[in-house]
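The values are calculated or read from the model by the stated rules, or taken from the named source; none is laboratory data. In this text the structure is predicted, and so the values were computed from the model without any measurement. Glycine gets a Cβ as well: all are built from the backbone with ideal geometry, and neighbour counts include every protein chain shown. Ligands, DNA and RNA are stripped out before the accessible areas are found, and what is left, the full protein with its side chains, is counted by its heavy atoms. Shrake-Rupley method; radii C 1.70, N 1.55, O 1.52, S 1.80 Å.
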Amino acid sequence: MAAMSGKVVEHVLVAQCCQKNRQFRAEYGQNSCAQYRPTLLPFVRGKLAWNHISAMQLRTYSKFNRRIIYCNAAPSTTSIPSVDKAAFLKLQNGSDIRGVAVGGVEGELVTLTEPVTEAIAAAFAAWLIETKKPDASKRLRVSIGHDSRISAQMLQDAVSRGLASAGVDVIQYGLASTPAMFNSTLTENEDFLCPVDGSIMLTASHLPYNRNGFKFFTNAGGLGKADIKNILERAAAIYGNFADEGFRDTERRTTPSVKRVDYMTVYTSDLVAAVRKAAGNIEKPLEGFHIVVDAGNGAGGFFAGKVLEPLGAVTSGSQFLEPDGLFPNHIPNPEDKEAMKAITQAVLNNKAELGIIFDTDVDRSAAVDSSGRELNRNRLIALMAAIVLEEHPRTTIVTDSVTSDGLTTFIEKKLGGRHHRFKRGYKNVIDEAIRLNSVGEESHLAIETSGHGALKENHWLDDGAYLMVKLLNKLAAAKASGMGVGSKVLTDLVDGLEEPGVAVELRLKIDLNHADLKGG
């Protein structure tokens with residue numbers, strides 16, 4: 001690994017004079033930034049070492065300053081470390097790319113360096129151009145968004161350079177959600193430079209703070225495993241050329257004209273409009289409802305102020321809405337016991353009627369009713385199935401394989417639908433629902449126990465915010481029709497669901513290089 005220099009920037013205070021990663025390195029030695037030298041994180045023998053500030057201190061600092069902290073780690077020389085094709089392919093995680101973006105964790109070397117990131121972005125652009133086959137006169141547009149991770153700014157800048165070097169226009173959204181990034185390929189609004197031809201979300205979902213990754217979209221949906229492998233193979237070849245051309249020469253030749261767009265205003269406006277429509281075009285259909293949100297310091301904090309409040313809901317008691325890539329309060333994960341305990345306690349403490357919790361990039365969610373009953377895993381599937389089957393009787397509900405037999409009985413015997421189990425992996429479940437429709441079996445919902453849920457009406461996008469909007473639609477419609485108020489409207493829908501006697505999930509790390517596994 002090449003010598004590296006790591007830097008932590010308190011985004012609000014420092015970024016004004018150090019906005020771009022390259023400018024930052026040039027300016028950091030000047031007096032204007034001298035006061036921040038004590039928080040430098042230098043690389044020592046390939047590892048990022050805290051200098052004058054420990055990981056715990058950084059968490060505490062972040063918690064009380066409530067602003068995004070970015071960690072920018074960049075090569076300090078013109079040479080780049082050798083990375084072979086196998087190393088690139090190891091970054092694939094199903095239909096996503098994930099790796100270590102920040103050093104400092106013992107035994108976890110950085111794999112998503114800036115050159116690697118640039119190569120992946122350039123590879124996506126090449127794949128996109130080959131797939132879309134645009135006219136010679138047209139430049140494709142690619143949007144970039146990120147969650148709250150501390151490596152977000154560094155990766156966003158690297159992705160921008162990689163895309164621009166491949167000849168596509170770059171549009172940065174800043175802090176965004178994964179569902180919004182896919183939506184940007186569908187929205188028709190030239191004021192926001194939409195639709196884009198492709199989209200990249202920088203996220204590693206609920207993984208630790210030092211990780212990051214990529215999710216890719218076109219208007220056909222998220223890319224599949226074969227596409228990701230293709231992009232990584234291309235990236236390995238592109239990366240090899242960096243050594244021949246000189247990484248810094250490539251950078252100097254690529255000074256992208258990057259545009260910034262506040263696309264999240266479009267996305268949230270669409271969510272608000274969906275609830276108003278379901279309630280008969282009432283301006284504030286949730287007026288009088290008390291709903292608390294727990295964003296886990298991820299990207300979902302917008303939901304309280306930009307979705308619920310315009311609909312009339314009271315959101316006092318909502319927590320961890322501020323983006324903080326160190327996740328100091330709990331893991332942003334609706335499957336995590338501590339996370340669910342936190343939102344449950346918030347509901348009870350504030351006497352709220354509903355609690356909503358998101359994962360880091362808002363493609364997963366769960367809820368809690370006024371009594372503190374969790375609406376996640378099998379219960380969330382049952383609730384969504386009840387709502388969808390009211391709208392589409394006898395439709396097929398596709399889930400992953402670990403759902404309970406009680407859920408099957410509930411969907412088929414009580415709701416009159418069909419339960420179709422399929423192999424795990426949210427993309428597998430979504431693709432199976434799409435396949436069923438293509439062969440004549442109607443399916444309107446694909447949902448995993450993890451909280452990934454996609455609806456046919458929403459272009460098969462796994463959107464945690466849209467799932468919660470479906471719950472809000474039910475609350476708003478019930479109130480407008482005088483059928484009832486409060487979360488009892490929702491919990492009544494899952495009445496009769498037989499709970500599993502035991503529900504335990506164990507995840508084991510397998511060492512594929514272990515001697516016992518040789519020869520298969």
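Conditions (1) in a loop (DSSP other than H, G, I, E, B); (2) of a type in the set (A, V, I, L, M), marked per residue:
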{"site": "Ala454", "(1), (2)": "no, yes"}
{"site": "Lys470", "(1), (2)": "no, no"}
{"site": "Leu490", "(1), (2)": "no, yes"}
{"site": "Leu497", "(1), (2)": "yes, yes"}
{"site": "Val502", "(1), (2)": "yes, yes"}
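Within the stretch 112-133, the set of residues being surrounded by fewer than 20 Cβ atoms within 10 Å (Cβ to Cβ) and assigned to a loop (DSSP other than H, G, I, E, B) comprises Lys133 only.
Pro208 fulfils the conditions (1) open to solvent by 20 Å² or more (accessible area, probe 1.4 Å); (2) in contact with a Ser or Thr (Cβ under 8 Å, 6 or more places away or on another chain) except for a single criterion, (2). When the stretch 365-390 is filtered for residues that are acidic (Asp, Glu) and either open to solvent by 20 Å² or more (accessible area, probe 1.4 Å) or in contact with a Cys (Cβ under 8 Å, 6 or more places away or on another chain) (or both), the ones remaining, listed by number, are Glu374, Glu390. Here the condition is being open to solvent by 10 Å² or more (accessible area, probe 1.4 Å), in contact with a Lys or Arg (Cβ under 7 Å, 6 or more places away or on another chain), of a type outside the set (A, V, I, L, M, F, W, C) and at pLDDT 95 or above; of Pro393, Pro310, Pro328, Pro323, it holds for Pro328 alone. Inside the stretch 396-430, residues that are in a helix (DSSP H, G or I) and either surrounded by 19 or more Cβ atoms within 10 Å (Cβ to Cβ) or among the basic types (Lys, Arg) (or both) make up a count of 10. Residue pairs whose Cβ atoms lie under 9 Å apart, sitting 6 or more positions apart in sequence or on different chains, and linking a residue in the stretch 82-99 that is β-branched (Val, Ile, Thr) to a partner that is surrounded by fewer than 16 Cβ atoms within 10 Å (Cβ to Cβ), are Val83/Gly240. Filtering the stretch 331-354 to residues that are open to solvent by 30 Å² or more (accessible area, probe 1.4 Å) and farther than 30 Å from Glu287 by Cβ leaves Ile331, Glu335, Asp336, Lys337, Glu338. Would you check if there is a residue in the stretch 507-518 being of a type in the set (D, E, K, R), touching a residue at least 40 places away in the same chain (Cβ under 8 Å) and open to solvent by 100 Å² or more (accessible area, probe 1.4 Å)? No: the stretch 507-518 contains no residue that is of a type in the set (D, E, K, R), touching a residue at least 40 places away in the same chain (Cβ under 8 Å) and open to solvent by 100 Å² or more (accessible area, probe 1.4 Å). Of all residues in the stretch 442-454, those that are more than 17 Å from Leu389 (Cα to Cα) and among the β-branched types (Val, Ile, Thr) have Cβ atoms under 8 Å from Cβ atoms of residues that are open to solvent by less than 10 Å² (accessible area, probe 1.4 Å) and not in a loop (DSSP other than H, G, I, E, B), 6 or more apart or on another chain, in Thr449/Ile381; Thr449/Thr399; Thr449/Asp400.
Filtered by the rule that a residue be farther than 21 Å from Val293 by Cβ and open to solvent by less than 50 Å² (accessible area, probe 1.4 Å), the stretch 478-493 gives Gly484, Leu493. Specify the residue that is surrounded by the fewest Cβ atoms within 10 Å (Cβ to Cβ); the eligible residues are those in the stretch 134-156 that are modelled with pLDDT of 95 or more and part of a loop (DSSP other than H, G, I, E, B). Within the stretch 134-156, the match that is surrounded by the fewest Cβ atoms within 10 Å (Cβ to Cβ) is Leu140.
Considering only residues of the stretch 173-201 that are within 9 Å of Tyr263 (Cβ to Cβ) and of a type in the set (Phe, Trp, Tyr), which is surrounded by the fewest Cβ atoms within 10 Å (Cβ to Cβ)? Only one residue tops the list, namely Phe192. Checking each residue in the stretch 499-520 for being touching a helix residue (DSSP H, G or I) at 6+ places or on another chain (Cβ under 9 Å) and either of a type in the set (Ser, Thr, Tyr) or within 21 Å of Asp400 (Cα to Cα) (or both) picks out Glu499, Pro500, Ala503. Considering the stretch 369-387, and only residues there that are small (Gly, Ala, Ser) and in a helix (DSSP H, G or I), the residue that is farthest from the chain's Cα centre (by Cα) turns out to be Ala386.
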